[in-house]
Amino acid sequence: MTGYELNVGEAIVFWVCAVLSVLGAIGLITSRKAVHSALWMALTMINLAILYIANNAPFLGMVQVIVYTGAVMMLFLFVLMVVGVDSSDSLIETIKGQRFLAVVLGLLLIVILVWGLGSSLSGLPSVGLDAANRVDGGNVQSIAHLIFTDYLLVFEVTSALLITAAMGAMVLAHREHWLPKPTQAELSVARFKGDDHPGNRPSPGIYARHNAVDTPALLPDGTPTEASIPGALRSRADVQPVEIEDGRANEEGDSQ
Amino acid sequence: MQEVMPVTGVFSLLWLLIALPLVGAAILLLGGRKLNKWGVYLGVFTVLVDAVIAVAMLIAMMGNSAQERTFSQNQFSWMFAGNFKVDMAFQIDQLSMVFVLLITIVGALIHVYSLGYMSHDPDKRKFFGYLNLFVAAMLLLILANNYLLLYVGWEGVGLASYLLISFWQIKPSAAAAGKKAFIINRVGDVGLSLAIMVMFVTFGSVGFQEVFGSAGQASEGTLTAIGLLLLLAACGKSAQFPLQAWLLDAMEGPTPVSALIHAATMVTAGVYLIARSHAIFDIATTAATAVVIVGVVTMFMGAVIGSAKDDIKKSLAGSTMSQIGYMVLAAGLGPIGYVFAIFHLLTHGVFKAGLFLGAGSVMHGMNDNVNMRRYGALRTAMFVTYATFIIGTLSIMGIPPFSGFWSKDSIIHAAFESNTLVGVLTIIAAAITGFYMTRMAAMTFYGKARWEDDVHPHESPKVMTIPLIILAVGSTFLGMGLLFWGNIETWLEPVVGLKKEEIAIPEALLMAITLVLVLAGAAYGWIQYARREVPAIAPRGSWLTRAARQDLHGDDINDILVVQPAFWVSRFLVWFDGSWIDGLVNGSAAFFGGLSGRLRRYQTGFIRSYALSMVGGAVLVVLALVLVRLS
Amino acid sequence: MNPSNYVILSALLFGIGTLGVLVRRNAIVVFMSVELMLNAANLAFVAFARMNGNLDGQVVAFFVMVVAAAEVVVGLAIIVQIFRSRRSASIDEPNLLKY
């Protein structure tokens, strides 16, 4: 008697989710564009969450969706946006022998781990978590019980870690102001002194052909103005081209 | 064995004999150049006092009976290690007595002579210091009562000889000659030190009493080994074959040095060693035979070399080599010859010193020129030198009634007693002696004057001629005196033993044959060199003459056998050190350098490479874990 | 249905994550591969918790998630900072520690 239930449903869930998560993982490492990798990763995360639930860890599964797939992946995507959505790796490997050795070692690692774990775990009885979950009346309560009694110190230390991480992020993302912050009056003076036109910048959407952030708006004479694009995108020259109407713009003031 | 008595009376001054010249040497050598004025007299004074003490000791010893002539004085216990004990102790007996007399009296005369000979030398106080050092060391050698102390004196005379030969060290030839003498001596010294070691292993002690007392109990093989090693030592010090090459070069030193060290005293230390160790040679007859062979070979070598040299000092050196060959030969004959070896040693010391000092006097008058081909007809210019030199010549040739005749004929007689062939060889060598000595005298004092232009021969000052006269008197009367007035045979017999045997020829006939052959040799020399014209430039000569001019190629043999192999060995070692050892060291350094150069390429700076190595390590760890767990 | 299947899946995902770290050049993608490895470990913990019958594995997985979140925050902030100065997100860029 092996001590686990022969559960067909669980088997189906497992195989489907396992295949999908492996597919997601492979997609993650082989996508050319970084955003695609992020999306593949999200797929893997969701499947893992399902697997957690299948393993009698519903709380963990939910936390996985909320924290990982939700917060962490969103964070990744935001940073990707800053760093360059379109950035893609070239497929050519620059370090000699890296790819070959990496594949060899990676496969070797997988083989050894699978072999070792497989042969040592086969035939091991599985107790199941029903009894453990029943102790405090549910999975969440039982976990809470453990966290706030046996693992209290870990909990406290982890909270200190979180605070530190937040502070670290603030420090790292901070831009230091070397000069005093210019006041409204100074900004106004600079604007009129500079060679850029002193009026408001044309906001996107006004005389615009497109409502995307990276498409420049049209000036009254029909030329596209780069000033309507946020600085970050402009500095990256991440600007979409715009067809210029030959001749004057529509004098009827059609803003479409 | 004689009974050894503690010192009494004048013999308690035994230590003073050594201490006086030693202190004199210390003062002169440490005092500095300002001692040049009066220091030289201090040097002479110490040796003169030693001579006086020696004569007093002789008189006292003659007063004792033959059995009571050995005295010993222990200064202090020098070293003791377990069973091994060596004392700083002196011993004087009949044998040492005659040596002490020879060294101090002849030494004193030579010191006086040097006052005149070295009067113009700016370093003369150093010269007298070294001379005193030599006298002290030689007396230590003679008066030691154990082999280790004898070795100290042995080394000391070697050192003094080196210092004196290369006295004019600015001359490269003199410096080289000093080095050569020291190195060849050193080879002999190895023999002596090995002999002492064997003695210690065999007898447990190196004192004379103990060694000679237990000589009968050691195996003949051991005693033969000791005897041969002692022979090696004697060869080095006495310039016998095969260690004879240094004596001729040693003539680079000032003439008083040649007289004292290389004629009268130091070169006789080897004979003393053999005579003193007679207890060993009496038993190890193989070693004694080796001694005889060495003596015969050297006797002829020296004679042939001396006949061909044009340098007066080198010719006399060859003669010394030959005469010491006689002494060594006689010492090797055993109890039949020891006494006569010492007898000839004493007479030779006197007349050879006289001959060398005479040669020095001639050189002094001829602007220090040594080439006999540039001499000639000097007998009127330097009469005293001439007269004393002729007396010395007659003595060394063995013409009666001069001293050499008595001592040399005793040796010839003893040679015949032992082995007829050896006897014949000694007579032939005597004839050659007659030839070369006559040649020397004729080239120097007779014939036509072949002087160079700026030379004005003149007699030497009195301080130089008086010792010459005294030595000439000795050369005349010493032989008869030692044989008839104070019987040397009975004097020395208690120490070394004496045996007499009959020979086929009656003694008088033997003497007559010898005399005839000697006179024949002399006549031949006279005809060649006094009657005929002596060319100023040396003619080519026969192959023997040419070989003899090259010291019978002794230097070349040494070069091939020793010097070239030594160079080869050191070149090999230099190469080995350079390529192998340096190669090893440099190679390992280069290896590590190269290794680091290769290894540092792994620091590519790429994070992914580092990650790769990390994963590689992780794979290994996991593999190890899995294997261990699953096995 | 053998619960050890989950552990094998976890090993597989871990290996794939390792490959991603070694092969990709974009810093963010590498970071994501690291997150994948962490998730694989979490899966293993949960599977073992089930096999052993106590919730310690789940608690550990929970804390791993917390720490991973904090790590992502700081790591991405660093990447943004590096990008600001170097204008490049490749992890082959900072190779000044080479020989």
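The values are calculated or read from the model by the stated rules, or taken from the named source; none is laboratory data. Quantities reported herein were computed from a predicted structural model and do not represent experimental measurements. Because the Cβ atoms are built from the backbone with ideal geometry, glycine has one as well, and the counts that use them run over all protein chains shown. Accessible surface is based on the protein model in full, side chains and every heavy atom, while ligands, DNA and RNA are left aside. Shrake-Rupley method; radii C 1.70, N 1.55, O 1.52, S 1.80 Å.
Under 19 Å of direct C-alpha separation, and excluding same-chain neighbours fewer than eight residues apart, B:K309 reaches these lysines: B:K352.
Each of A:I229, A:L28, A:Q184 was placed along the dipole of chain A (beta-carbon charges, centred on the mean Cα), and the one lying farthest toward the positive end is A:L28. Residue by residue along A:169-181, Cβ atoms of other protein chains within 10 Å of the local Cβ number 3 on average. The HN-Hα couplings worked out from phi for region B:56-69 by the Karplus form 6.51 cos²θ - 1.76 cosθ + 1.60 (θ = phi - 60°) are 4, 5, 4, 4, 5, 5, 5, x, 8, 6, 4, 7, 10, 10 Hz, whole numbers, x standing for Gly and Pro. Taking the Cα centre of the protein assembly as shown as reference, the dipole from Cβ charges on Lys and Arg (+1) and Asp and Glu (-1) amounts to some 2540 debye. Partner shielding of A:150-160 amounts to 2, given as the average count of beta-carbon atoms from other chains within 10 Å of each residue beta-carbon. The calculated FRET efficiency for the pair B:L30 and B:F76, based on their C-beta separation and a Förster distance of 22 Å, comes to about 0.35. Our note on the geometry: Cα centres of region A:135-162 and region B:487-548, 127 Å apart. Rounded to the nearest 10 degrees, the inclination of helix B:94-117 to the longest alpha-carbon principal axis of chain B is 90 degrees. Only helices enter this figure: runs of n ≥ 4 DSSP H residues, each worth -39500 (n - 2.57), summed and divided by the residues of chain B, yield -23000 deg cm²/dmol at 222 nm to the nearest 500. Per-residue Karplus couplings for region B:173-184, computed as 6.51 cos²θ - 1.76 cosθ + 1.60 with θ equal to phi - 60°, are listed in order as 5, 5, 4, 5, 5, x, 4, 4, 4, 5, 5, 5 Hz, Gly and Pro entered as x. Amide H to amide H, with H built 1.01 Å from N, B:F241 comes under 5 Å of B:T298, counting only residues 5 or more places away or on other chains. Note on A:96-103: average number of Cβ atoms from other chains within 10 Å of each residue's Cβ is 5.
One Cα centroid belongs to region B:114-189, the other to region A:21-80; the line between them spans 104 Å. Between the helical axis of B:285-308 and the longest alpha-carbon principal axis of chain B there is an angle of about 70 degrees. Accessible surface of B:D559, taken over heavy atoms with a 1.4 Å probe and every protein chain present, rounds to 50 Å².
If you roll a 1.4 angstrom probe over the protein chains with everything in place, what fraction of the accessible area of chain C belongs to carbon and sulfur, to the nearest %? After summing per-atom areas, the C and S share lands at 65 percent. Region B:1-48: which trypsin sites (Lys or Arg not before Pro) are DSSP loop and have at most 13 other beta-carbon atoms within 10 angstrom? Those that pass, being in a loop and sparsely packed, are B:K37.
Excluding same-chain neighbours fewer than eight residues apart, the aspartates and glutamates reachable from A:K33 by a Cα-Cα span under 17 Å are A:D86, A:D89, A:E93, A:D238.
Quick check: the distance between the Cα centres of region B:562-631 and region B:48-81, to the nearest angstrom? Using only Cα atoms, the two centres lie 74 Å from each other.
Protection proxy ranking, highest mean first, for peptides B:325-335, B:448-458: B:325-335, B:448-458, where packing is the per-residue count of other beta-carbon atoms within 10 Å, averaged. A simple rule links phi to the HN-Hα coupling: the Karplus curve 6.51 cos²θ - 1.76 cosθ + 1.60 with θ = phi - 60°, which for region A:58-71 gives x, 4, 5, x, 5, 4, 4, 5, 5, 6, 6, 5, x, 6 Hz, with x for Gly and Pro.
Looking at the protein assembly as shown, the DSSP beta bridges with both ends there are about 85 percent antiparallel.
Close amide H partners of B:M5, meaning residues 5 or more places away or on another chain with modelled amide H under 5 Å apart, are B:T70, B:F71, B:S72. A dipole drawn for chain B from +1 and -1 charges on Cβ atoms has a positive end, and of B:L248, B:A624, B:V370 the residue lying farthest that way is B:A624. Pairing chains C and B buries close to 1100 square angstrom of accessible surface in total, based on protein heavy atoms and a 1.4 angstrom probe. Helix C:4-23 axis versus longest C-alpha principal axis of chain C: approximately 10°, rounded to the nearest ten. Peptide packing for B:269-278, A:27-36, B:217-226, B:43-52 was compared via the average number of neighbouring C-beta atoms within 10 Å per residue; ordered from the highest value, the list is B:269-278, B:43-52, A:27-36, B:217-226.
How big is the Cα convex hull of chain B in projection, averaged over all directions, in nm²? Could you put the intermediate results ahead of the total?
On the way: hull surface 175.1 nm².
Taking a quarter of the hull surface, the average projection is 43.8 nm².
With N the number of residues in region C:4-91, Rg(Cα) / (2.2 N^0.38 Å) evaluates to 1.28.
What ranking do B:531-543, C:7-19, B:203-215 get when scored by the average of other Cβ atoms within 10 Å per residue, highest first?
For the peptides B:531-543, C:7-19, B:203-215, the packing ranking is C:7-19, B:203-215, B:531-543.
Checking understanding here: applying a Kyte-Doolittle mean of at least 0.5 and a length along the axis of at least 18 Å (C-alpha), which whole DSSP H helices in chain A pass?
Values: long enough: A:8-30 (33 Å, 2.15); A:34-54 (30 Å, 1.68); A:98-121 (33 Å, 2.05); A:152-173 (32 Å, 2.07).
Long hydrophobic helices here: A:8-30, A:34-54, A:98-121, A:152-173.
Distant-in-sequence amide contacts of B:D311, defined by a placed amide H-H separation under 5 Å and a gap of 5 or more residues or a different chain, comprise B:M372.
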